[in-house]
Amino acid sequence: MRRPLLIAVPILILATGCGRYEDFTLPAPVGAPTGTAFSAEAFAWPVLGRGATGEWDGVDTLNPAIVMRGGTYYNFYSGFDGKTWHTGLATSADGLEWTRRGKVLSPKPETWEGDYIAANGTALLSGGMFLYWYQAGGRRPSIGFATSADGTHWTREPLPVLQPGPRGSWDERGVADPCVIWKKDAFYMYYLGQDRAGRQRLGVARSTGGKRWEKLRSNPVMELGPEGAFDENGLGEPAVWTEYGWYWMLYTGRDRAENRRLGLARSRDGVHWHRASDKAVFEGGQSWNSKVVCDPSVLVDGGIVRVWFGGGDAASPDEHLNGQIGLAILRPVGANLSK
């Protein structure tokens, strides 16, 4: 989902504040780094298709955000009805067969959120509570925060918790696509920022409570790919995890024709990232995801990385992709990476 932005963890209660800037790195991943690469294998069919015609998710069903609680998978996904993006919930016992539970979050036009989007989010579980950071706002999108005990009824912060940067900054025109992880004693949010030239790149911010964030002073942490690359026209929708002594990041790359594929990068400190390959690690191989593979959400079990993703058969920067949600497996292979 990419509208051009121009046109068990403690919950700490902190006041929402203006953006701050700091120098930091993430805690070192557990274990010695090993030379591991991944190969991708996807199920041929979508695991969650579009809703019925006229439903809130009947035009596009995208952006899965997967959380496991009590043996059940919770999928806080984004649905588009042709006018507005909402967040909905689907649940599953195995991650393959999903039951829709309905729309759970919609934008509030009378607030900073506007009337276009309250979706495109990331979810974590903390002490039995769901934490959800999501994109909202109008011409300069920001990131909001909500909590829920059941995944259906949500309490939102009244103001955005991460806002665009100052004039001339790399994220001056909007922030979007949050991915939040917890490491040791802090949350870390990877997110998309857009500058006045329309460049969409990736940065990181840190928070102890999930509400007040400090941005990395040296952002962005991932730049556009070179001319002709699959990610030359924009980066977005990061998904970050740790394994084999590394931080890994799947991200969406856009080419000049607005085809989208997933790239893979790795880092030892969560700040300095190196692409694992100049090529996409995964692109659509079926008719339903032939033009777009995006929106990764990752769960790791025994070294096997399961990736739920959005897919579509129409190359578009934002919506009307005929979007559906698929599942892929990243399996470790013994190739040695150069960096």
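Taken together, the values in this text are just the output of simple stated rules run on the coordinates, not laboratory data. This is a predicted model, so every value here is computed, not measured. Don't worry about glycine lacking a Cβ; one is built from the backbone with ideal geometry, like all the others, and counts go over all protein chains shown.
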With a point put 7 Å past each Cα toward its Cβ, work out how far Arg306 is from Thr99 in nm, to one decimal.
-> 1.7
Based on the Kirkwood radius over alpha-carbon pairs, what is the Stokes-Einstein translational diffusion coefficient of the chain at 4 °C with 1.567 mPa s viscosity, in µm²/s?
-> 66
How would you rank Lys83, Lys108, going from fewest to most other Cβ atoms within 10 Å of each one's own Cβ?
-> Lys83, Lys108
Inter-label distance, nm, simple model (7 Å from Cα along the C-beta direction), Glu157/Met68 = 2.8
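Report the antiparallel proportion of the DSSP beta bridges in segment 20-333 as a percent, rounded to a multiple of 5.
Just about 95 percent of them are antiparallel.
Fully extended, how many nm does the chain gain between Ala257 and Arg331 (0.36 nm per residue separation, minus their Cα-Cα distance)?
Value of the extension gain: 23.7 nm.
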